[in-house]
Amino acid sequence: MMQTYADLHPTFPDPQTWTLDHVLRTHAAAQPDSEFLITPEEDRRFTYSQILISAETIASSWYRCGAEAGDRVVIMAQNSSELVRTWFAAAVGNLVEVPINTNYEGEFLRHQVVTVEPRWAVIDAAYARRFVTIAEHARGIEKFWVIDDESGTRTEAIELLRSHGWAADEWEGLEVGEILELPKATPEELGAIFFTSGTTGPSKGVAMPHSQLYFFAQEVVCFTRLTKDDTYLTTTPLFHGNAQFMAVYPALIAGARAVVRPKFSASRWIDHVRDDDVTVTNFVGVMMDFAWKQPPRDNDLDNRLRCVYAAPTASSIVEDFKKRYGIEAFVDAFGLTETCAPIIAPYGVPRPPGAAGLAASQWFDIRLVDPENDREVEVGEVGELVVRPVQPWTCSMGYYNMPEKTLEAWRNLWFHTGDALKKDEHGWFYFVDRYKDALRRRGENISSYEIEQAVLGHPAVVECAVIGVPADVEGGEDEVLAAVVCNGGGTPDPEEILAWCDGRVPAFAIPRYLRFVDELPKTPSEKVRKAALREEGVTPDTYDRSAIHDTHRATVPAV
């Protein structure tokens, strides 16, 4: 019998109420003095009413500066209560949040700023110089508000921004002043732009309406069985959806508590769970494996952790992990920023090995199709996952300021994920591979195209192809390999190429492997055959920077 996921029942049944503003105001009225946000490193706790007042005050400050509904607000900051309050203020004030990866600089940052055309920016002090570097492309930003981060350079950062022609002030200035009457966002209006990796071009800004942001979070509420009695811990970056609409926002919908820490620590993970009576948390990539490899303690079972959302779930250790820490359930889902999660694993239901979940068919139409002609494949055959929503405004509105890319992805009225899956006769879906060339390394999405462009900038390089090869730890997803063709001037030292990447691409995207080749394998139409490179994988003549230096350690979560 073909099974489906049938446990998705919205906490707020009326889709016309699917905005963060409505959810926050509902809980602030019903339980004003209940705790919502906890940031242990800051030693701060915020109630629902305090968070609402903060959000309203910040949004009012923007409007006093001349903001208009729909303005884009760039946020580039490490996890903090200031970041959460800024995000909520954008939602309450009907402005569009644009979280930026804190690793981005140079071309990566320039592209995203030019694409979204922001008027306002909230940043950590440490990132001011990055905007100065791309100043000619960021003139549309009218004012910066600067968070006092660990760098201790806020005064200098504000002076630097002002000296380059921008208005700039301390972040705390946003929380001063009377609350104005703010424009209300409707569920179908644009709420946020999250950038996802490009494969044949620059990264794309996924335009997410308020309704989709709500629904993605609602899915997590359902498959983790989150209630107001729960406490959800996230240690992943808030510039990713995993932390925003798959951790903090679900806690908001459930009327629960959200604990936000700045980063993951494998050695202190269970202590962090225990410190705040955490009942639900999430893992991305190798975090689960890193936590598991910590030395067992006599008090490992001394915690209230009930459920872990692990993407992906390391199936070989999951049962032992549950026993060691007394965890009731591990849950998973398969989705994209563009589509929410159309495939979900039911809570507490045993999964076939490798299964991602069942179709949430009440909410999504799902097919596996031949990527050449979009015709549905037979059960058991591999096909590209294509998706379309049943409920309006629960999928992306498209790629912001990229109409051609939007049309390409939504051809034949289906969103094409570029992911290869198969389905068994019982309805379980299994992820097989990526049709696209995007990579995912240790929880970070990477555009092969953008790395290639950076490497090609080296004067000795004439061609470059970047692929993902399997990581050597479970859940590590991909390691980055660059195949390089050099000019006739001789082969440079591999470290010279990697040093060239430093500052041009984020640290997590710098290739681990580098191979010099005479030519790249190509099709008759001169397209690089990356499949052939993947088949070859890491060859004996491939340079492995982690085997030479201990730089690899710097790119994994802290322990």
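Here are the numbers for this structure:
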{"item": "Cα gyration tensor of the stretch 210-434 - equivalent ellipsoid semi-axes, whole Å, descending", "result": "32, 20, 15"}
{"item": "Under-5 Å amide H pairs with Val432, H placed in peptide plane, nonlocal only", "result": "Ala420, Leu421, Lys422"}
{"item": "Computed [θ] at 222 nm, deg cm²/dmol, the chain (DSSP H ≥ 4; -39,500 (n - 2.57); rounded to nearest 500)", "result": "-7500 deg cm²/dmol"}
{"item": "Nitroxide proxy distance, nm - points 7 Å out along Cα→Cβ at Thr133 and Cys65", "result": "2.3 nm"}
{"item": "D (Stokes-Einstein, µm²/s), Kirkwood Cα radius, the stretch 20-185, 1.306 mPa s at 10 °C", "result": "98 µm²/s"}
{"item": "Set Lys204/Lys322; Lys322/Lys422; Lys204/Lys323 screened for pairs whose C-alpha atoms are more than 32 Å apart", "result": "Lys204/Lys322; Lys204/Lys323"}
{"item": "Along the chain, longest interval not containing exposed GluC sites (Glu not before Pro), exposed being DSSP loop plus at most 10 other Cβ atoms within 10 Å", "result": "182-371"}
{"item": "Within the stretch 1-114, percent of DSSP bridges classed antiparallel, to nearest 5", "result": "50 percent"}
{"item": "Positive-end residue, the chain charge dipole about Cα centroid, Cβ charges, pick of Gly348, Ser60, Phe264", "result": "Gly348"}
{"item": "Cα gyration tensor shape for the stretch 250-296, rounded if a/c is under 1.5, else prolate or oblate", "result": "prolate"}
{"item": "When the convex hull of its Cα atoms is projected in every direction, mean area for the stretch 237-318 (nm²)", "result": "5.4 nm²"}
{"item": "Charge dipole of the chain about the Cα centre (unit charges at C-beta), most positive-ward option of Gly503, Ile467, Ile38", "result": "Ile38"}
{"item": "Taking all pairs of distinct alpha-carbon atoms in the stretch 303-395, Kirkwood radius in angstrom", "result": "15.0 Å"}
{"item": "Antiparallel DSSP beta bridges within the stretch 20-185, as percent of all bridges there, nearest 5", "result": "20 percent"}
{"item": "Under 13 Å from the Leu456 label point (7 Å along Cα→beta-carbon), backbone N, the stretch 479-508", "result": "485"}
{"item": "Shape parameters for the chain, alpha-carbon atoms, Rg then Dmax in Å", "result": "23.2, 72"}
{"item": "Convex hull volume of the stretch 158-215 per residue (C-alpha atoms, cubic angstrom)", "result": "175 Å³"}
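Every number in this text was worked out from the coordinates using simple rules, so none of it is lab data. Not measured: the values here are computed from a predicted model. Note that each Cβ is placed from the backbone with ideal geometry, even for glycine, and that neighbours are counted across all protein chains shown.
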